[in-house]
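**Student:** Below you will find the structure I want to go over with you.
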Amino acid sequence: MDLLTALRWTAPNPARRLLTASLLVGALSSALLAAPADAAPDLQNSGQELMVQPAAARTVYMGQPKLTGDPTVGGLLKAELGGYAPFVIPEGGTPSFTYKWTRDGQAIPGATGSTYRATPGDRGRVVAVFVTVSYDAESRLTLQADYPLRIAAKPRARGFNGDDTLDIFARDAAGRLLLYPTDGLGNWRAAQVLGTGWNVFNTLFSPGDFDGDGTVDVIGRDGQGRLFLYQGNGTGGWKSAFQIGQGWQDFRTVSSAGDFNGDGSNDLIVVDRWYQAILYPGNGRGGFLQPYGVDTYWVNGDPIFTVGHFGGTNNLGIVSRNYGYLRLYEASRSGRLDGSRTDIGWGFNDFPFVGSAGDFNGDGTVDIFSVDTAGRLTMYYNKGAEYLNSGRPDIRWYGQSTVGWGWGGFTAVF
């Protein structure tokens with residue numbers, strides 16, 4: 001084989017590439033020995049490089065990746081493989097993965113892992129992720145994960161005092177509002193009094209960040225049907241309070257709905273006297289957009305509460321209590337209920353309070369609590385997405401435990 005032929009010969013695999021390099025060295029050595037001394041090229045100073053043509057690219061296949069997780073400020077988003085595992089033809093080698101996260105189409109600096117935690121700067125903006133699988137330098141495939149998500153305002157689950165862990169509000173018989181914070185690992189911290197005179201309200205709940213300032217708030221309805229927003233300051237106190245509505249006295253329930261319509265702002269959901277569920281979309285500034293009905297007949301008048309992304313997916317969950325059953329409604333943040341509902345618990349008819357405030361035990365899933373007539377606070381530990389792989393999709397819980405006593409004297413727990 002002459003030198004020109006050796007330079008043009010391409011190797012389809014590592015063994016042949018090694019053989020090619022050996023032949024090239026041999027051919028070059030022969031050519032140098034045969035050349036006159038005064039005609040020998042100066043390889044050290046000529047600036048020329050000896051190039052070997054790379055292997056041809058192989059065809060890479062990968063199932064469509066999925067973007068899952070909690071699309072809220074502070075929530076963890078995940079890029080997961082979907083469909084089928086990656087493979088390459090001709091086969092050979094082990095795949096490696098790289099990730100690129102984008103915000104409104106622009107790369108997010110430093111966001112190159114398989115997960116991404118949404119920041120306050122992401123609120124109201126669309127986050128996407130691109131997944132690249134590579135077998136070698138020439139054999140790779142990049143796909144955008146389904147589906148890009150608009151990041152919602154901070155939810156109730158991020159807590160009230162700024163440490164992003166579960167806090168529970170309680171009102172005592174004297175009208176004091178108290179906060180019971182946790183360390184995020186299932187342990188209580190010292191309770192604190194947040195204010196007095198709260199017994200003027202017949203409904204109290206936390207909508208998460210309702211005014212768009214990045215901190216968790218509280219909303220109360222008084223006996224005249226007026227709705228008041230109490231703005232949290234992010235450190236366990238208040239900035240200010242003001243009226244945001246009137247004429248709400250005829251609603252059977254007024255509750256938080258999270259970002260139900262997917263526009264980045266937290267919303268409220270009410271049940272009227274005819275048992276219709278009506279969405280009051282938040283405008284992200286402490287007010288409302290045009291309300292509309294989302295269910296023509298809500299089964300009962302018991303309080304309903306949001307459980308965030310309860311199933312570990314992008315769907316938003318709302319729970320109601322129906323004759324002692326806990327019924328989960330999940331929707332895709334489209335502004336409508338999609339008809340999906342599941343009974344996730346029973347025997348809750350005698351509990352004065354049932355609700356959700358976030359993740360109690362630090363496993364990354366939203367839990368549910370109850371207070372019984374003996375004053376015991378019980379926590380129910382949610383499996384999140386793990387229930388899908390458990391073989392028992394009807395069971396959503398790891399278990400339960402009593403985590404507090406003496407809660408029977410409270411007139412509101414949320």
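The values are calculated or read from the model by the stated rules, or taken from the named source; none is laboratory data. Only a predicted model underlies this, so the values are computations on that prediction, with no experimental measurement involved. Neighbour counts run over all protein chains shown; Cβ positions are idealised from the backbone, glycine included. With ligands, DNA and RNA removed, areas are computed over all heavy atoms of the protein, side chains included. Shrake-Rupley method; radii C 1.70, N 1.55, O 1.52, S 1.80 Å.
**Student:** From the phi angles alone, apply the Karplus equation (6.51, -1.76, 1.60; θ = phi - 60°) to segment 187-201 and give each ³J(HN,Hα) in whole Hz, x where the residue is Gly or Pro.
**Tutor:** Karplus values, whole Hz, x for Gly and Pro: 10, 7, 9, 4, 6, 9, 8, 9, x, 10, x, 7, 6, 6, 9.
**Student:** Determine, for each peptide in 374-380, 241-247, the mean count of other beta carbons within 10 angstrom over its residues, then list the peptides with the highest first.
**Tutor:** In descending order of packing, they fall as 374-380, 241-247.
**Student:** Another question, if that's okay. Output wanted: per-residue J couplings in Hz (rounded whole) for segment 323-339, from phi through Karplus 6.51 cos²θ - 1.76 cosθ + 1.60, θ = phi - 60°, x for Gly and Pro.
**Tutor:** 6, x, 8, 8, 10, 9, 10, 10, 9, 8, 6, 9, x, 9, 6, 9, x
**Student:** Check which residues have an amide H placed less than 5 Å from G159's amide H, if you skip close sequence neighbours.
**Tutor:** Under 5 Å from the amide H of G159: D167.
**Student:** Separate question: I'd like the carbon and sulfur percentage of the solvent accessible area for segment 234-284, probe radius 1.4 Å, heavy atoms only, ligands and nucleic acids excluded.
**Tutor:** Details: 830 of 1880 Å².
Carbon and sulfur: 44 percent of the exposed surface of segment 234-284.
**Student:** If you don't mind, there's one more thing I want to ask. Show K78, K383, K100 ordered by accessible area, largest first, where the area counts protein heavy atoms only and the probe is 1.4 Å.
**Tutor:** On the way: K78 85, K383 35, K100 105 Å².
Reading off the accessible areas and sorting them downward yields K100, K78, K383.
**Student:** Could you put E80, E91 in order of accessible surface area, largest first, with the 1.4 Å probe and the full protein assembly present? The partial results should precede the final answer.
**Tutor:** Values: E80 80, E91 165 Å².
Largest accessible area first, the residues go E91, E80.
**Student:** With N set to the residue count of segment 128-207, report its C-alpha Rg divided by 2.2 N^0.38 Å to two decimal places.
**Tutor:** Numbers: Rg = 22.2 Å, N = 80, 2.2 N^0.38 = 11.6 Å.
So segment 128-207 has a normalised radius of gyration of 1.91.
**Student:** Same structure, new question: Give the accessible surface of segment 284-414 per residue, rounded to a whole number of Å², with probe radius 1.4 Å and ligands, DNA and RNA excluded. Intermediate values should be presented prior to the final figure.
**Tutor:** Values: 5940 Å² over 131 residues.
Accessible area per residue, segment 284-414: 45 Å².
**Student:** For D267, enumerate residues with amide H under 5 Å from its amide H, sequence gap 5+ or separate chain, H modeled in the peptide plane.
**Tutor:** Counting only residues 5 or more places away or on other chains, the set is A257, G258, D259, F260, G282.
**Student:** Now, a different point. Long-range amide H contacts for W397: which residues qualify at under 5 Å (H placed 1.01 Å from N, peptide plane, sequence gap of 5 or more or a different chain)?
**Tutor:** The answer is K383.
**Student:** Sticking with this one: Taking R0 as 35 Å, what FRET efficiency do you get between T402 and T235 from their Cβ-Cβ distance, rounded to the nearest 0.05?
**Tutor:** Details: r = 30 Å, r/R0 = 0.86.
Here the calculated transfer efficiency is 0.70.
**Student:** Can you give me the accessible area per residue for segment 58-191, using a 1.4 Å probe, in Å²? Please report the intermediate quantities before stating the final value.
**Tutor:** Numbers: 6140 Å² over 134 residues.
About 46 Å² of surface per residue is accessible.
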